[in-house]
Amino acid sequence: VYRKATIVGGGLSGALFAIYLARRGCEVDVYDARGDIRHEPPDPIRSVNLTIAARGLDGLRRVGLDQQAIDKLCTVLRYRVIHDSDGPVRRMSYGVQDHEVLYSVSRTHLTQFLLDVAAAEPGVRLHFHHRLVDLDKTTATATFFDGTGAIKVVRADVVVGADGAGSAVRRHMQSGLCADFSREYVPYRYKPLSIDAGNGDDAGLDPHGLHLWPRGDFMLFALPNQDYTLNGVCVLPAHGPNSFDSLRTPEAVESFFGEHFADAMPYMPRLVDEFLGRPASGFSTIRTSTWHYRDKVVLIGDACHGVIPFYGQGMNAAFEDCVVLDQCLAAHWRDWQKAFAEYERRRRVNTDTLAELSLANFTELRDSVRRPSLAARSKMSLAAYRALGDRAAPLYSLVSHSTTPYSECVRIARHRQRVARMLGADLAVACLVGAESVKRRLKPGRDRRS
Ligand SMILES: Cc1cc2nc3c(=O)[nH]c(=O)nc-3n(C[C@H](O)[C@H](O)[C@H](O)COP(=O)(O)OP(=O)(O)OC[C@H]3O[C@@H](n4cnc5c(N)ncnc54)[C@H](O)[C@@H]3O)c2cc1C
């Protein structure tokens, strides 16, 4: 059966899913509210770097794009580099096997790459400056305002909502249905800040790590680019002391960074201008019960499961949606309603789990990563993993380096934790923490470089 699809949103998931649908012989029109990111100057607010891991790479691999993306666009990340406010810089490895790494990639470059590939597929047409303003879900008819203010009405067999957290497709599709929907913001905001990491020699910031400055109630993190610059993200409370609200003058910004991020400051020559000149954005979790309407409308990516970005999994999960939805379409090619229902059943329980994992990891990155007990636990679990192999893979490895469904990862990890506890892991962690603290007290100098 030959089908005509309208994809609303030409961001990461929309561009990738256009490729999947085209390879199944569909005619695909992709509409995005913005201009063509391939020909416009990058927007510094949106062009943060993202980590891509096993699930995202799997989504690219199935259409033959993973290696090209890695070679052309990515920087390998082998560990977190933790810049504590006291004590030496530490590294926390992302895994024990060679392939257990993350990759840092610019959102802009990856989107440009996927749009180029999509545009070259027979049957795919891209339309920019087209904002969805209405949707008749019973007939898959979408109405757009184009860049000139004119209205365009497009009818297809199916509408795919890949239009991100504020999805207009979701809103129109769920109107009149008894759909549960929630969008919860954490009381924090972020601003992207650029960091010049030096030239990759010992004096600069390590170009193979995700740099993290955890400070309890606020943090700075940075992901490298291929040219020894890093894209930093500063996360502060929305209001109150040490918040974006309270830091409003060059003096206040300089003194705050001087006090809390002194080792990063020399690499941030444009700090004050960027900090004061850029708007602060929020982080939210989106949960919703209704991901499709009959065989006419279906949602993918942030439109149905936005998560806060602290497990680095939002885009990875969005690419995994493309894989699962494609599998469901292949299994029920003649009955897309059945395909959409199965896709929602397989995905929702897992993306709800990811939402919880992402919230918990925010606390870890901001705060608990500073605690010696967490470092000791992480060392212990990696040692067990090294010794026992896959049977002892920790939660982080299951989530980031495998395609095991998220809820299954949590079930396996909880079981392993119970067994480890019974075998005395807590006591071993306590001994490790004690030994580390003695070592720290005996160590004369402190090396603050990474
Ligand atoms: C600071 C930050 C860091 C992150 N880090 C990571 C990370 O390290 N790893 C990771 O996996 N994920 C990360 N994420 C999450 C990731 O960015 C998202 O999960 C991902 O972008 C979702 O892709 P999407 O295609 O669903 O939505 P988007 O990328 O938001 O794309 C939506 C598209 O729809 C278009 N659109 C919106 N409304 C309309 C409309 N009415 N009509 C037409 N078009 C419309 C928009 O212009 C846009 O192009 C991060 C997010 C943030 C904010």
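Exactly one residue among Phe221, Phe181 is open to solvent by 20 Å² or more (accessible area, probe 1.4 Å) and either within 14 Å of the ligand (Cβ to nearest atom) or of a type in the set (Lys, Arg) (or both), and that residue is Phe221.
Whether a residue is under 26 Å from Arg348 (Cα atoms) and within 14 Å of the ligand (Cβ to nearest atom) was assessed, and Val235 does not pass this test.
When segment 82-130 is filtered for residues that are more than 13 Å from the ligand (Cβ to nearest atom), among the β-branched types (Val, Ile, Thr) and modelled with pLDDT of 95 or more, the ones remaining, listed by number, are Val101, Val117, Val124. For Ser104, the criteria (1) of a type in the set (Ser, Thr, Tyr); (2) open to solvent by 30 Å² or more (accessible area, probe 1.4 Å); (3) more than 21 Å from Arg371 (Cβ to Cβ) hold in every case but one, which is (2). Taking the conditions (1) open to solvent by less than 20 Å² (accessible area, probe 1.4 Å); (2) under 15 Å from the mean Cα position of the chain (by Cα); (3) not aliphatic (A, V, I, L, M) in turn, Arg347 satisfies each one other than (2).
Residues in segment 19-37 that are in contact with a Ser or Thr (Cβ under 8 Å, 6 or more places away or on another chain) and in a loop (DSSP other than H, G, I, E, B): Ile37 alone.
Note on segment 391-407: residues that are assigned to a helix (DSSP H, G or I) and within 25 Å of the chain's Cα centre (by Cα) amount to 9. Among Phe283, Phe275, which is the only one that is crowded, with 18+ Cβ neighbours inside 10 Å and part of a strand (DSSP E or B)? On inspection, the qualifying residue turns out to be Phe283. Residues that are over 17 Å from the mean Cα position of the chain (by Cα) and of a type in the set (S, T, N, Q) do not occur anywhere in segment 44-59.
Restricting the first member to segment 22-47 and to residues that are touching a residue at least 12 places away in the same chain (Cβ under 8 Å) and on the phi < 0 side of the Ramachandran plot, and the second to residues that are open to solvent by 60 Å² or more (accessible area, probe 1.4 Å) and hydroxyl-bearing (Ser, Thr, Tyr), the beta-carbon pairs closer than 8 Å and six or more apart or on different chains are Cys26/Tyr2; Glu27/Tyr2.
The values are calculated or read from the model by the stated rules, or taken from the named source; none is laboratory data. Source: prediction; values computed, not measured. Here Cβ is always computed from backbone atoms with ideal geometry, including for glycine, and neighbour counts include all displayed protein chains. With ligands, DNA and RNA removed, areas are computed over all heavy atoms of the protein, side chains included. Shrake-Rupley method; radii C 1.70, N 1.55, O 1.52, S 1.80 Å.
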